[in-house]
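Visitor: What follows is a structure written as structure tokens; I'll ask about it next.
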Amino acid sequence: MSHSTPVTVPVEVDQRLAEQSGRKYWKSLEELSRDAQFSARLDEHVRREYPSQAEMLADPVQRRTLLQLMGASLALAGISSCTRQPDEHVLPYAKSPESLIPGKPLYFATAMPWASGAIGLLVESHMGRPTKCEGNPDHVASLGGTDLFTQASVLDLYDPDRSTTIVRNGRSATWDDFVSAFGPDLEAQKQKGGAGLRILTGSVISPTLAAQLAEVLKLFPRARWVQSEPVSRDNQRLGALLAFAEDVAPRHDLSKAEVVVALECDLFAEGPASVRLARQWAARRRDAAMMNRLYVVESTATGTGSMADHRLALAPAAIDRLARALAQTLGVDVGAAGGAQLGGEEAAFVAALAKDLKAQAGKSVVIAGEPLSGQVHALVNAINVQLGNLGASVEFAEPAAVAPVEQGAGLADLAREMARGEVELLCILDANPVYDAPVDLEFVAAMQKVPLRVHYGLREDETAVLCQWHVPATHYLEHWSDARAFDGTLSVVQPLVAPLYGSKSVHEFVALLAGKPGSAGYDLLRESWKATLGAPADFETRWQRAVHDGFLAGSRVDARSVSLKRFDAGAAPAEMNAGGELELALRPDPSIFDGRFANNGWLQEVPKPLSKLTWDNALYLSPETAKSRGVQSGDVVELTHGGRKLKLAVWVQPGQAPNVGTLHLGFGRTRAGKIGNGPGFNAYALRTQAAPWGGSATIAKTGETYSLACAQEHHTINEHGLERDLVRETTAAGFAGGDFGAPRHAHGAPAPKADGHGEKPGHAEGALVTQYAGYKYEGYAWGMVIDLSTCTGCNACVIACQAENNIPIVGKEQVARGRELHWIRIDRYFNGSVERPRAVFQPIVCMQCENAPCEVVCPVGATSHGEEGLNEMVYNRCVGTKYCSNNCPYKVRRFNFLLYSDWTTPSLRLQRNPDVTVRSRGVMEKCTYCVQRISQARIEAKRQDRRIADGEVVTACQQVCPSQAIVFGDLNDKQSAVRARKSAPHNYGLLTELNTAPRTTYLSRVSNPNPELAGA
Amino acid sequence: MTQIFHKSFNTLSKASIVLGGVFAATAVAWLLSANRAPYISLVNVPREQPVPFSHKHHVAGLGIDCRYCHTSVEDSAQASLPSTKTCMTCHSVVWTNAAMLEPVRESYRTDRSIEWLKVHDLPDFVYFNHSIHVKKGVGCQSCHGDVDQMPLMMRRNTLNMEWCLECHRAPEKFLRPREEVFNLNWTPPTDKPQAELGAELAERYQVQKLTSCATCHR
């Protein structure tokens, strides 16, 4: 049976919502409907905490057998305490490397390349093993934060499914075999000027690689280099060409924007500058007196949309019309057919938005997402010019790609050439067109007409198995390279470890094509830099500096001055709701993007920001649309789009635009690896060259159902929790008037005082009585504040915590049983009606209660109160009674029902943080405020005879957070940042009426709505 | 029908209850003592190593300081074992043909580590930091014993948690002046007993009694 698939239609939910006076927040539709099945699941997940029989072993064990096993294990446990420790060996270096102190990690600057720009990193290395990526505070795209992909990339390095050897027609071969066999083929091409040679890559942001490819093209003048990414910037490019007659990319600066408008754009989660944008935006959301305002119009509920002060859920075609109407209202020339008429609510929205934008002209910005057409991008460019934002909140410059091209058309040309038999040698570098090329190109059939196909990539994927040669690629943590950030800043990709499987880097591979086999990647990179920098006398100094910093200072590409051209904005697309049609929206997945991270278990298991689905994608429909089609979550429907059919599961998602079905890319893979093979539905089977982002579609019920593992009701804070005062919200105007979001009749104890010492019994009139001994914290008293105003639910903290604390994945079936182990869960609450909900994210870490209910119930003292106020967890003492978890009102404790940690795969062991215990079966675990980092800072401070300074201990979640929503520090330090935030009037604790005195507290979410759009 | 059990079984059954109790108590006592016995704790058990390295010869005989080889003891959690290159600083000149040093020379030639057996091996769930203990005036000798008298390395202490806690609960009993940490022959001055000196040092070095679980377990 499935514990996760909701099997109810939201029956008359709105009516119920209206009946429930005073109740605002809800987590799922089934909870709102309060039907029998929900009550049953509530029983399992909330009252029982874990589903029934969760404690049973997977195989049917009789009571008698169980008793025998228990008796035997008790006896063995006794004896095991008397066994000798197994012998361990120490292997000192033969010749010790410079600057390495055993036991101390080193940090190296590098950069993670990404199709649209690199993000600068500092990577932690333990004795040569990279274990954790942190943002490089000096790098323009990071500013110290990172996203979830970057955090998870270190797991990709150690992925046991990476290819380890060169494969020729299914048999392993050596590099020398490849070089000697490939040489004559290349020579043959050289005779023809490379007429039959085609090189297919993703977007190239490495100037060195681009220069190498240019060199190859010189050798093979008739060859062609094709760039293609499933998530390209073709529409942005077209928009720039229309508006400015040159290919430029916008760069946004949200620190200079009072009004931010995002149209179909998840700007805090996608794109090369998302981390930077989130940070800039959040910096203006902390002070209620100087808040910016965010408007989001989107088809699919996203993290960015959830942060909006005003959000409108519209179908992509309707967003197109809205953008045109907005342009028209602002006085942009939209051409004869380019305008659009809006009705009712949308018209009011546009009117108020236009007024706000005009009032903040020069201090506003409108941003369009890639799925919108090139015409809309052009209009948005024109709007920004019209508003005078150019040079302030937005500027234009050449994109990060070194040689930007129209990718869709390029790939289509390649497919045609291949089909005509014109291509004789195809080299595919780090791309997977067999899986992700538009389906109407019939790429597989075309490709098989190419006599010789060579694939270079990390895994033996869908494309690799259809090529004669597969050459394993190096991971970015294994090779020397360079990459441009979104603003052109030249970043150094520095290897942290020698290639695990002796693979060649892409530069070394391309050097072979350029007739320079055997060149080392490091030398190639330096040569290219010498050429770029003009071989200055101080090259060595500058190079060393760049490697140290992670980027070349001052290499930012200057903005271009652009002038708006007259352009034809075309006509608005037709609405797609005639005859039961719905609009299909194909979008990159919030956790595995375009499918390249499909084999990354951390990313597969992280609950998606809004739907909280794990391990799958599904067709998201709004509750209204699902009701009208008679489908519910878990139903399998047959979707028809452009004559192509795909059977897939439905997920009813509040916040989804009506009549829109969103399907995320990247799932349904067949050759991704053990993790990525299988889950979800392959959206690429529907994707065409003409409509890469979807279009008109119909769905038909099949009567089948599909089990989806959704975490939205797992670890719910008790059955009444939802009715309690867990989420607080207020507005900037309300804040000024003294409304900090507390409910008017809030019962229970006041929020903990800023010094972290909870109210003690007898100290204050009306204080709650406790039998706990009062603790005194003479040294440090650690505490955390999480700002709900700036948490965008991006999941970066969840993955960072997983990487830092050796948290294993459990798999879809175990997630369905509520056994996921993430120490941070991001609770997502909806507020308001089912059709127009606002989402609020609340990251829940261990509250480190002063009066901790978990501590007193542990029969073996495995969890206890530390001298600095932490609820400490001693794994080796834990016998797995789960009493602590049962007694935790916040549901932050996680239990290893099975042996989830992989103790055997050698490559995965290399990733582990040596400062954190790897847990075994039968052990409880939870957030410890990264106690290993506290210990290190404490020892460091003591060695220097001083106190730990504020900001010296940074938890993994705090460090990674793009929007700096998490602040951690010493509550005994009167000057600390955490104490300042705790003294804010909108600081509050969860369930303080239980007198747990939590150390983790929250700041009410403050929004800044436009008074003219009340209720929207 | 005759009785199955003879009358004497009454006594036997009573006796078996008592004897059972005695047996259980003995078993528990045996387990507790076994856990502290050298068989389990390896106290005073010299361990065989790839090279029979003698601390006695190098420390007592030649007077080499601990830190010459254990270089990171003041900076890191690990005291660290010397690289082969450190051994070769002397052994490229002295005892260059000694057969027992062949593994060292081989390691240096092939750039492969010598696989030493770990003598002082804490369980993987315990996180010990050398640098802070050294900084707070805990002598090498307090944990590792009379290393300078050991021809082959062995444990002098059980490394059990109760043994760690002896000091963590009452550090003043074991502290010594920082400058004497690496002196293996240090004894408290005659005019100032350990109790007095330790208390003074604990005050001066701000030594806390860290007994929170997370001090060592995380």
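Visitor: Output yes when any residue across the range A:894-915 is out of contact with any strand residue (DSSP E or B) (no Cβ under 7 Å at 6 or more places or on another chain), surrounded by 21 or more Cβ atoms within 10 Å (Cβ to Cβ) and facing chain B (nearest Cβ under 10 Å), and no when none is.
Guide: Looking through the range A:894-915, at least one residue is out of contact with any strand residue (DSSP E or B) (no Cβ under 7 Å at 6 or more places or on another chain), surrounded by 21 or more Cβ atoms within 10 Å (Cβ to Cβ) and facing chain B (nearest Cβ under 10 Å).
Visitor: Please identify the pairs in which a residue from the range B:104-127 that is within 8 Å of chain A (Cβ to nearest Cβ) has its Cβ atom under 9 Å from the Cβ atom of a residue that is aromatic (Phe, Trp, Tyr), counting only partners at least 6 apart or on another chain.
Guide: B:111/A:93; B:113/A:93; B:116/B:53; B:125/A:875
Visitor: When only residues in the range A:477-512 that are under 23 Å from residue A:460 (Cα atoms) and charged (D, E, K, R) count, which is surrounded by the fewest Cβ atoms within 10 Å (Cβ to Cβ)? Can you show your working first?
Guide: Just the residues of the range A:477-512 that are under 23 Å from residue A:460 (Cα atoms), to begin with: A:477-481, A:495, A:497-512.
Subset that is charged (D, E, K, R): A:478, A:504, A:508.
Details: A:478: 21, A:504: 23, A:508: 23.
Among those residues, the one meeting the criterion is A:478.
Visitor: For the range B:106-210, please list each of the helices (runs of 4 or more DSSP H) lying entirely inside it that holds at least 1 residues being closer than 26 Å to residue A:87 by Cα and not aromatic (Phe, Trp, Tyr).
Guide: On the way: elements: B:130-135, B:140-144, B:161-169, B:194-204.
Here the list reads B:130-135, B:140-144, B:161-169.
Visitor: Having 1 or more residues that are surrounded by fewer than 24 Cβ atoms within 10 Å (Cβ to Cβ), assigned by TED's automatic domain parsing to the domain that holds residue A:511 and among the charged types (D, E, K, R) is the bar; report the strands (runs of 3 or more DSSP E) wholly within the range A:206-287 that clear it.
Guide: A:224-227
Visitor: Where in the range A:837-880 are there strands (runs of 3 or more DSSP E), lying fully within it, with 1 or more residues that are under 15 Å from residue A:775 (Cα atoms), facing chain B (nearest Cβ under 10 Å) and in contact (Cβ under 8 Å) with a residue 24 or more places away in the chain?
Guide: A:863-865, A:871-873
Visitor: Which pairs do you get when a residue that is under 13 Å from residue A:395 (Cβ atoms), found in the range A:554-576, comes within reach of a residue that is at pLDDT 90 or above and outside any loop (DSSP other than H, G, I, E, B), reach meaning Cβ atoms under 6 angstrom, with the pair 6+ apart or on two chains?
Guide: A:557/A:397; A:559/A:395; A:559/A:397; A:560/A:396; A:560/A:397; A:562/A:244; A:562/A:396
Visitor: Does the range A:931-940 include one or more residues that are in a loop (DSSP other than H, G, I, E, B) and within 10 Å of another protein chain (Cβ to nearest Cβ)? Spell out the reasoning first.
Guide: We begin by selecting, within the range A:931-940, every residue in a loop (DSSP other than H, G, I, E, B); these are none.
No - not one qualifying residue is present in the range A:931-940.
Visitor: Out of all the residues in the range A:715-745, which are in a loop (DSSP other than H, G, I, E, B), at pLDDT below 85 and either crowded, with 16+ Cβ neighbours inside 10 Å or in contact with a Leu (Cβ under 8 Å, 6 or more places away or on another chain) (or both)? Reasoning before the result, please.
Guide: Taking the range A:715-745 and keeping what is in a loop (DSSP other than H, G, I, E, B), we get A:715-720, A:724-728, A:737-745.
With the extra rule that they be at pLDDT below 85, the set shrinks to A:715-720, A:724-725, A:741-745.
Those that are in a loop (DSSP other than H, G, I, E, B), at pLDDT below 85 and either crowded, with 16+ Cβ neighbours inside 10 Å or in contact with a Leu (Cβ under 8 Å, 6 or more places away or on another chain) (or both): A:715, A:716, A:717, A:718, A:719, A:724, A:725, A:741, A:742.
Visitor: Of everything in the range A:418-432 that's within 22 Å of residue A:182 (Cα to Cα) and not hydrophobic (A, V, I, L, M, F, W, C), which residue is surrounded by the most Cβ atoms within 10 Å (Cβ to Cβ)? Explain how you work it out, then say what you get.
Guide: In the first step, residues of the range A:418-432 are kept if they are within 22 Å of residue A:182 (Cα to Cα); the result is A:418, A:421-432.
Of the ones still in play, those that are also not hydrophobic (A, V, I, L, M, F, W, C) are A:421-422, A:424, A:430, A:432.
Values: A:421: 12, A:422: 14, A:424: 19, A:430: 18, A:432: 26.
The selected residue is A:432.
Visitor: Select from the range A:545-562 the residues that are of a type in the set (Gly, Ala, Ser) and surrounded by fewer than 11 Cβ atoms within 10 Å (Cβ to Cβ) and write down the one among them that is nearest to residue A:377 (Cα to Cα). Don't jump to the end; show me each part of the working.
Guide: Step one: filter the range A:545-562 for residues of a type in the set (Gly, Ala, Ser), giving A:546, A:550, A:553-555, A:559, A:561.
Then drop every residue that is not surrounded by fewer than 11 Cβ atoms within 10 Å (Cβ to Cβ), which leaves A:554, A:561.
Numbers: A:554: 30, A:561: 18 Å.
Applying the filter and picking the extreme gives A:561.
Visitor: Please state which of the following conditions residue A:145 fails to meet, knowing it meets all the rest: (1) without any contact (Cβ under 8 Å) to a residue 24 or more places away in the chain; (2) part of a loop (DSSP other than H, G, I, E, B); (3) of a type outside the set (A, V, I, L, M).
Guide: Here residue A:145 clears every test but (1).
Visitor: So which pairs qualify, if the first residue must be in the range B:64-84 and facing chain A (nearest Cβ under 8 Å) and closer than 23 Å to residue A:938 by Cβ, the second must be of a type in the set (Phe, Trp, Tyr) and surrounded by 19 or more Cβ atoms within 10 Å (Cβ to Cβ), the Cβ gap must be under 9 Å, and the two must be at least 6 apart or on different chains?
Guide: Correct list of pairs: B:77/B:127.
Visitor: Same structure, new question: Being surrounded by 14 or more Cβ atoms within 10 Å (Cβ to Cβ), of a type outside the set (Asp, Glu) and modelled with pLDDT of 90 or more is the filter here, so list the residues in the range A:521-544 that pass it.
Guide: Residues satisfying the conditions are A:521, A:522, A:524, A:525, A:526, A:528, A:529, A:539, A:542, A:543.
Visitor: Inspect the range A:388-406 for any residue being in a helix (DSSP H, G or I) and small (Gly, Ala, Ser) and give the result as yes or no.
Guide: Initially, the range A:388-406 is screened for residues in a helix (DSSP H, G or I), giving none.
No, the range A:388-406 has no match at all.
Visitor: Further question: Restrict the check to the range B:192-207 and report whether at least one residue is within 14 Å of another protein chain (Cβ to nearest Cβ) and within 23 Å of residue A:870 (Cα to Cα).
Guide: Within the range B:192-207, one or more residues are within 14 Å of another protein chain (Cβ to nearest Cβ) and within 23 Å of residue A:870 (Cα to Cα).
Visitor: A further question follows. Quick check on the range B:18-37. Is at least one of its residues under 28 Å from residue B:157 (Cβ atoms), of a type in the set (Ser, Thr, Tyr) and either at the interface with chain A (Cβ under 8 Å from one of its Cβ atoms) or touching a Gly at 6+ places or on another chain (Cβ under 9 Å) (or both)?
Guide: No: zero hits.
The values are calculated or read from the model by the stated rules, or taken from the named source; none is laboratory data. Because the structure is predicted, anything quoted here is derived from the model rather than measured. Glycine also receives a Cβ, built like all others from the backbone with ideal geometry; neighbour counts cover every protein chain displayed.
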